[in-house]
Amino acid sequence: AQKVTQAQTEISVVEKEDVTLDCVYETRDTTYYLFWYKQPPSGELVFLIRRNSFDEQNEISGRYSWNFQKSTSSFNFTITASQVVDSAVYFCALSEVGYSSASKIIFGSGTRLSIRP
Amino acid sequence: ETGVTQTPRHLVMGMTNKKSLKCEQHLGHNAMYWYKQSAKKPLELMFVYSLEERVENNSVPSRFSPECPNSSHLFLHLHTLQPEDSALYLCASSQDWSGGADTQYFGPGTRLTVL
C-alpha cells in the first residue's frame, strides 16, 4: 500500500540557515511519481516539483534542491539560505501510475516550517 | 482570473442547511478534484472528475454530492453536514487524469465551519 511519512511535524530555524525537510515513502509499484507542495497561510497548495521513479537525478531550482534516493525510499527537500517568505507547511506526495479506479495520490501529513527573522 | 478559483472562501452553515462550493479552473485542464483538509488528518482525496465523468469516489458520505457540468467547473453540494465535516475544502485541476501522475494545481480553498 502507498504511504508517505513526513516525520518532522514542525521545524523552526533562523533566517539564512539551511533546512532539510524529510520525506519517506512506501510503494509496491516500480513506476510512481513524487511531489512537493508548499501551503502558505493563504491556504492554496503551490506546486514545487514532480519527479518520476526512473529519474534519480537531483534537482536544483534557485535556493531549493531535492534529493531523491530510491535505495532509501526518500525524497528530501532542502532550502538553502532560508527566508521568512519560506514559512509555510510543506507536503510531500506519492502517486502510483495507473488507470484503475484504485489509483490515487497520497499526501504526507506535512511539515510546518517557520523561519525566524 | 487565472489558475483555480474557489468560492466562497469562507462558509458557516448549520447542520440542516444546504449549500454549495464552487470551483473554476482557467487552465484548460481535463481533470478536476475535491480534497478535504482537516486539522488532524492528511489531505484526503474525495472525488476526481475526468472529462466531466467521475472516476474516483473515495468512500465519501452521501451528504457530499459533487457535480461537474463541464471541464472548467466543479461543484460540491453539501446537505445535513456534521460538525466533524468542518475543514478546508480544496479544489484542484490537472491536464488529464493519469491515475494521479499529473501535476495538480490547487485553488485557495473554502474554509467550512459546521455549527
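Before moving on, here are some points about what is shown:
- Looking at the protein assembly as shown, the accessible area is 47 square angstrom per residue; that uses a 1.4 Å probe and ignores ligands, DNA and RNA.
- Left without a cysteine partner by the 4.7 Å Cβ rule in chain B: B:C68.
- Compared with the rule-of-thumb size 2.2 N^0.38 Å for a compact globular protein, the range A:45-102 has a Cα radius of gyration ratio of 1.31.
- Taking Lys and Arg as +1 and Asp and Glu as -1, the other residues whose beta-carbon sits under 15 Å from that of A:S12 total -2.
- Cleavage-rule hits (chymotrypsin sites (Phe, Trp or Tyr not before Pro)) in the range A:1-97: DSSP loop, at most 13 neighbouring Cβ within 10 angstrom: A:F54
- The alpha carbon radius of gyration of chain A, expressed as a multiple of 2.2 N^0.38 Å, is 1.06.
- For the range A:1-62, the relative contact order works out to 27 percent when only alpha carbon pairs closer than 8 Å and six or more residues apart are counted.
- Where trypsin sites (Lys or Arg not before Pro) fall in DSSP loop in the range A:33-110, at most 15 other Cβ within 10 Å: A:R63
- As a ratio to 2.2 N^0.38 Å, the alpha-carbon radius of gyration computed for chain B takes the value 0.99.
- Sequentially through the range B:60-69, phi angles give Karplus couplings (6.51, -1.76, 1.60; θ = phi - 60°) of 8, x, 5, 6, 9, 10, x, 8, 10, x Hz, Gly and Pro residues having no value and appearing as x.
- For the range A:33-117, GluC sites (Glu not before Pro) are listed when DSSP marks them as loop and at most 13 other Cβ atoms sit within 10 Å of their Cβ; the list is A:E56.
- Restraint check, A:K104/B:K18; A:K3/A:K38; A:K16/A:K104, Cα-Cα greater than 26 Å: A:K104/B:K18; A:K16/A:K104
- In this structure B:H79 has an accessible area near 70 Å², from a 1.4 Å probe over the protein heavy atoms.
- Proximal charge balance of A:E26 [Cβ under 15 Å; K/R count +1, D/E count -1]: +1
- Hull-based mean projected area of the range B:1-47, where the convex hull spans the alpha carbons, in square nanometres: 4.6
- Positive minus negative residues near B:L81 (Lys, Arg vs Asp, Glu; Cβ under 12 Å): +2
- Each part gets one Cα centre, and for the range B:43-97 versus the range A:17-89 those centres are 26 Å apart.
- With at most 16 neighbouring Cβ atoms within 10 Å, loop GluC sites (Glu not before Pro) (DSSP) excluded, longest segment of chain B: B:53-115
The values are calculated or read from the model by the stated rules, or taken from the named source; none is laboratory data. All of these numbers come straight from a predicted model, not from anything done at the bench. FYI the Cβ positions are ideal-geometry reconstructions off the backbone, even for glycines, and counts take in every protein chain you see. Ligands, DNA and RNA are excluded from the accessible area calculation, which covers all protein heavy atoms including side chains. Shrake-Rupley method; radii C 1.70, N 1.55, O 1.52, S 1.80 Å.
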